[in-house]
1. Measuring from the lowest to the highest alpha carbon on each principal axis, how far does the stretch 1-42 reach, largest first, in angstroms?
2. Could you rank the peptides 46-59, 67-80, 28-41 by their average count of other C-beta atoms within 10 Å per residue, with the highest value first?
3. Magnitude of the Cβ-charge dipole of the stretch 2-86, K/R +1 and D/E -1, about the Cα centre, nearest 20 debye?
4. Need one word for the chain: rounded, prolate or oblate. Basis is the Cα gyration tensor (sqrt eigenvalues a ≥ b ≥ c); a/c below 1.5 gives rounded, then a/b vs b/c decides.
5. From the phi angles alone, apply the Karplus equation (6.51, -1.76, 1.60; θ = phi - 60°) to the stretch 58-72 and give each ³J(HN,Hα) in whole Hz, x where the residue is Gly or Pro.
6. Per DSSP H run of n ≥ 4, the term is -39500 (n - 2.57); total these for the chain, divide by its residue number, and report the mean residue ellipticity at 222 nm rounded to 500 deg cm²/dmol.
Amino acid sequence: MLILLENALILVSVVADPSLHKPMYFFLINLSARDILFTTTTIPRMLSLFLLGDHNLSFPACFLQMYLFHSFSCSEAFILVVMACDR
């Protein structure tokens, strides 16, 4: 919940303040959105496994979770590379 709250706060503050409409803050918004998506890909299923004791994970669900996890992590790395080149 803390990760979602902090990233939502970053999103709202950058969108609300017109002085922050610069390329670096555009990349920061993208990183915050990717972090929210990255977190919501794995954490709910992990909590379900730990708290409910549900130890069954179907192959399509596992494949989808792995695909989303890797695609969000690769896109996050790409955004960090673009941010480094921007500076």
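Derivation of every value follows stated rules applied to the coordinates shown; laboratory data play no part. From a predicted model like this one, the values you see are computed outputs, not experimental measurements. Here Cβ is always computed from backbone atoms with ideal geometry, including for glycine, and neighbour counts include all displayed protein chains.
1. 34, 16, 8
2. Sorting 46-59, 67-80, 28-41 by mean packing, highest first, produces 28-41, 67-80, 46-59.
3. 100
4. oblate
5. 5, 4, x, 5, 5, 5, 5, 5, 5, 4, 5, 4, 6, 5, 5
6. Mean residue ellipticity at 222 nm (helix-derived): -29000 deg cm²/dmol.
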